[in-house]
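For reference, the structure discussed in these notes is given below.
FYI, it's all coordinate maths here, none of it is from the lab. Note that the structure is predicted; figures quoted are calculated from it, not measured. Because the Cβ atoms are built from the backbone with ideal geometry, glycine has one as well, and the counts that use them run over all protein chains shown.
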Ligand SMILES: Cc1cc2nc3c(=O)[nH]c(=O)nc-3n(C[C@H](O)[C@H](O)[C@H](O)COP(=O)(O)O)c2cc1C
């Protein structure tokens, strides 16, 4: 069985989750930035990870899922700065599913990731009160994904592997 772990990550959070998933997989495996993945041909399973931007998959990830994941076996992992039990997260997951048409989806994992300082500053100066409200939340995201979240990501990877093999 050949497994790919591919990730899109602007500030490093999703990359950390990708590395944890990669470490937990016991199979022939590759870890790659999503931008270096031409196609999923030759892989029996692909873990694909990306951050949530404006409640949706980051645009390059959305394009990849819609253009290159059809007909493939895929497990998705996402990071977002809302806490996992936040009211918006169900919508993020739904928006991801909307990009997974004709995909054999074998699992989804999501966890909180630190909001980068530059993003927080940008949002805190926004005219949009929802953006400013979102920025207030940033200190609570510091240090995420932490070790407990990375351990959950490893457990997710093992679960998916058991299911697929
Ligand atoms: C342009 C932009 C939009 C974002 N929108 C959201 C959002 O709607 N909800 C959320 O929870 N986090 C949002 N975030 C925060 C990121 O999803 C979060 O920090 C993520 O862990 C970043 O992952 P990365 O370090 O792999 O790039 C946004 C970040 C950026 C840069």
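Before moving on, here are some points about what is shown:
- Interatomic Cα distance distribution for segment 3-53, bins of 5 angstrom, percent: 5, 22, 35, 22, 13, 3, 0
- Our analysis of segment 18-77 gives Rg over Rh at 0.94, with the two radii drawn from alpha carbon positions and Rh computed by the Kirkwood formula.
- Label-to-label distance, nm, for residues given as residue 159 and residue 128 (7 Å Cα→Cβ offset): 3.2
- Segment 82-165, relative contact order [Cα under 8 Å, separation at least 6], %: 31
- Antiparallel DSSP beta bridges within the chain, as percent of all bridges there, nearest 5: 5
- Comparing 61, 69, 118 in a Gaussian network model of the chain where C-alpha atoms under 10 Å apart are linked, the largest mean-square fluctuation is found at 118.
- Mean separation of Cα pairs under 8 Å and 6 or more residues apart, divided by the residue count, gives segment 1-154 a relative contact order of 23 percent.
- Per residue, the convex hull spanned by the Cα atoms of segment 95-165 measures out at 104 cubic angstrom.
- Ratio of Rg to Rh for segment 61-104: 1.01 [Cα atoms; Kirkwood radius as inverse mean 1/r over pairs].
- Theoretical gain in end-to-end length, residue 142 to residue 41 [0.36 nm per residue, Cα-Cα removed]: 32.6 nm
- Fluctuation leader among 121, 84, 151 - the chain, Gaussian network, Cα springs under 10 angstrom: 121
- Gaussian network model of the chain, springs between alpha carbon atoms under 10 Å - residue of 89, 74, 101 with greatest fluctuation: 101
- Angstrom value of the Kirkwood radius, inverse mean 1/r, which spans all Cα pairs in the chain: 16.0
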